[in-house]
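Just so you know, all these numbers are worked out from the coordinates, no wet-lab data involved. Predicted model, so just to flag it, every value in this text is computed and none were measured. Here Cβ is always computed from backbone atoms with ideal geometry, including for glycine, and neighbour counts include all displayed protein chains.
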Amino acid sequence: MSKLILIPTPIGNLSDITERAIESIKDVDLLLCEDTRRSLKLLNHLKIKKQFQSYHKFNEHSIVEKIISKIQSGIKVGLISDAGTPSISDPGYLIVKLCIEKDVEVECLPGPTALIPGLVISGLPTERFTFEGFLPVKKGRKTRLEELSNEKRTMVFYESPYKLYKTLTDFSKYFGLDREISISKELTKIYESTRRGTIEELISDYENKKLKGEYVIVVKGLK
């Protein structure tokens, strides 16, 4: 039956892919990939040959209608991102929204995402939290941080190695130096690590350092 299937892929350790995800990749007629080079490595690892097409934030607006037309013609389309669950800080929202508007069936498989393990191992409250993803780089950044300065729930952010120190210095201004924080790097990978403490205690660890990997930052809410 024709549909769109969102298929989560491992955030690092390839053993984390589910049997259902593998079967779904085999079953779809067309696989949409955020980065075809990275996806090809996964497909080769799984020994799967599949027709695939690039689908990312730079082309999704121009091709999404054509993709939906293909689904309406009777094919099954899968969507994967570079890592984790599509639509979570990755392309996916637009095509899901339009599929729903056009009465096209959408299915999403459960699977890996970095925010949950980062939150759980932080040691900070998990019963109520807000996922903020990547902060705006310029426009809207100050406004967002001002809004979050009064947030009482635990906050979860994603950050690249290039902007980590700047983000931490911004946090010190809006959240205070004594706010509890956890920073996880390269979750599920060989060099996975987590540092916990106050913003003041951790900020110096990342000053003038050449950083690599992807980071999940968890910040305790306002008391």
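Checked against (1) free of Cβ contacts under 8 Å to residues at least 12 places away in the same chain; (2) out of contact with any strand residue (DSSP E or B) (no Cβ under 6 Å at 6 or more places or on another chain); (3) of a type outside the set (Val, Ile, Thr), Lys189 meets all criteria but (1). What about Lys163, is it under 27 Å from Asp82 (Cβ atoms), in contact with a Leu (Cβ under 9 Å, 6 or more places away or on another chain) and not aliphatic (A, V, I, L, M)? Answer is yes for this residue. Residues of the range 204-221 that are closer than 21 Å to Gly123 by Cβ and under 21 Å from the mean Cα position of the chain (by Cα): Gly213, Glu214, Tyr215, Val216, Ile217, Val218, Val219, Lys220. For the range 30-65, the tally of residues that are assigned to a helix (DSSP H, G or I) and not small (Gly, Ala, Ser) stands at 15.
Table: residues versus (1) more than 19 Å from the chain's Cα centre (by Cα); (2) on the phi > 0 side of the Ramachandran plot.
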{"site": "Ile116", "(1), (2)": "no, no"}
{"site": "Glu132", "(1), (2)": "no, no"}
{"site": "Asn150", "(1), (2)": "yes, no"}
{"site": "Pro161", "(1), (2)": "no, no"}
{"site": "Lys166", "(1), (2)": "yes, no"}
{"site": "Gly176", "(1), (2)": "yes, yes"}
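Conditions tested, residue by residue: (1) touching a helix residue (DSSP H, G or I) at 6+ places or on another chain (Cβ under 8 Å); (2) among the basic types (Lys, Arg); (3) under 30 Å from Leu6 (Cα atoms).
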site	(1), (2), (3)
Asp82	yes, no, yes
Ser87	yes, no, yes
Gly92	no, no, yes
Glu101	no, no, yes
Phe175	yes, no, no
Ile190	no, no, yes
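Out of (1) crowded, with 18+ Cβ neighbours inside 10 Å; (2) within 19 Å of the chain's Cα centre (by Cα); (3) in a helix (DSSP H, G or I), the odd one out for Phe171 is which? Among (1) crowded, with 18+ Cβ neighbours inside 10 Å; (2) within 19 Å of the chain's Cα centre (by Cα); (3) in a helix (DSSP H, G or I), Phe171 violates only (2). Residues considered: Thr126, Thr85, Thr130. Of these, the only one that is of a type in the set (S, T, N, Q), touching a Pro at 6+ places or on another chain (Cβ under 7 Å) and touching a residue at least 12 places away in the same chain (Cβ under 8 Å) is Thr85. The numbered conditions (1) of a type in the set (A, V, I, L, M); (2) closer than 18 Å to Asp29 by Cβ; (3) buried (at least 16 other Cβ atoms within 10 Å of the Cβ); (4) touching a Ser or Thr at 6+ places or on another chain (Cβ under 7 Å) are all true for Ile95 except (4).
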